[in-house]
């Protein structure tokens with residue numbers, strides 16, 4: 001059976017499942033950062049604010065899927081040579097053809113363009129996110145340090161979009177906290193890639209060492225905790241009770257990375273560990289409660 005026939009035989013029966021896999025919906029959890037301004041401004045009891053925030057969150061999910069599709073199209077040749085990606089990526093495995101992926105990409109972009117007419121200001125931030133990720137796919141991911149910061153800025157843009165859609169100012173502490181937390185996740189991701197596959201994993205890894213990215217991660221984790229604490233003290237002092245929860249979350253995540261080698265994907269690390277998921281849920285509940293009542297639970 002030639003390659004073309006093999007692709008067609010793979011893609012036909014499970015095309016819907018393969019399209020869903022290409023869009024990587026489990027990674028949509030990262031777009032939870034869009035909800036942060038809704039939580040910290042206390043507007044989660046306002047139906048209009050909820051509707052607008054959920055809409056821009058949905059659009060970010062579509063945008064992130066579009067980024068994954070474009071990246072997989074660009075990297076299809078390299079992915080076909082990879083022992084794992086050649087089996088798990090729909091394009092590399094032949095489950096979906098490039099023309100089918102391009103049609104999907106166009107459909108996703110149409111949804112995003114339509115979103116502009118409902119939430120123009122926030123959607124402009126989203127377009128900035130897409131442009132940044134296109135730059136990452138074609139150039140920035142090959143540049144040491146810039147690659148890590150590009151990933152982190154993507155999370156900052158999510159928070160900024162969540163604030164823009166609500167027309168509310170957000171503390172500078174929140175932005176720098178988000179940046180540090182995202183830098184921590186990105187540095188750990190690079191560390192795990194180096195540990196698992198060495199410099200053969202991706203081109204930019206040749207410019208790093210495990211000890212270097214460990215220092216990056218340590219600095220970023222410390223910064224995230226310090227700036228979150230400053231944000232709480234200066235803006236939401238009633239949230240001081242959540243600082244130990246955040247500290248535990250950072251410790252737990254690092255433990256998972258070290259002991260289970262799950263750091264390459266923050267999403268998989270979160271979803272694979274019940275304690276970490278419970279920690280996130282507790283943080284959300286405690287934060288919402290203290291913001292509503294203005295006091296910490298006893």
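Nothing in this text is a laboratory measurement; each read-out follows from the coordinates by a stated rule. Computed from a predicted model, the values in this text were never measured in an experiment. Cβ: placed from backbone, ideal geometry, glycine included. Neighbour counts: every protein chain shown.
In terms of surrounding Cβ atoms within a 10 Å radius of their Cβ, 26, 85 rank from fewest to most as 26, 85. With the simple spin-label model, which puts each label point 7 Å out from Cα in the Cβ direction, the residue 222 to residue 131 separation comes to 3.6 nm. Taking every DSSP helix (H) stretch of at least 4 residues in the chain, weighting each as -39,500 (n - 2.57) and dividing the sum by the residue count yields a mean residue ellipticity at 222 nm of -24000 deg cm²/dmol.
Ordering 27, 142 from the fewest to the most neighbouring beta carbons within 10 Å gives 142, 27.
For the Cα atoms of the chain, what angle does the longest principal axis make with the long axis of helix 98-116, in degrees from 0 to 90, nearest 10? Computed tilt is about 30 degrees. Helix 120-138 and the long axis of the chain differ in direction by around 50°, with both axes built from C-alpha atoms. Neighbour counts of C-beta atoms inside 10 Å place 251, 116 in the sequence 251, 116, starting with the fewest.
Here each label is just a point 7 Å from Cα along the line to Cβ, and for residue 84 and residue 58 those points are 3.3 nm apart. Projected label points at residue 243 and residue 289, each 7 Å from Cα along the beta carbon direction, are separated by 2.0 nanometres. Against the compact-protein benchmark of 2.2 N^0.38 Å, the Cα-based radius of gyration of the chain scales to 1.05.
Computed on the range 213-260, the Cα convex hull volume stands at 53 Å³ per residue.
Extension gain for residue 20 to residue 124 (0.36 nm times residue separation, less C-alpha to C-alpha distance): 34.9 nm. Note the angle between two axes, namely the Cα long axis of helix 47-74 and the longest principal axis of the Cα atoms of the chain, as a number of degrees from 0 to 90, rounded to the nearest 10. Once rounded, one gets 30 degrees. Legend: P(r) of the range 1-169 from all alpha carbon pair distances, 10 Å bins from 0, whole percents, reading 10, 34, 31, 18, 6, 1. Restricting the calculation to Cα atoms, every distinct pair contributes to the Kirkwood radius of the range 32-107, found to be 14.5 Å.
Dividing the Cα radius of gyration of the range 171-298 by its Kirkwood radius returns 1.04 for Rg/Rh.
Considering only 186, 20, 63, the mean-square fluctuation computed in a Gaussian network model of the chain, springs between alpha carbons under 10 angstrom, is largest for 20.
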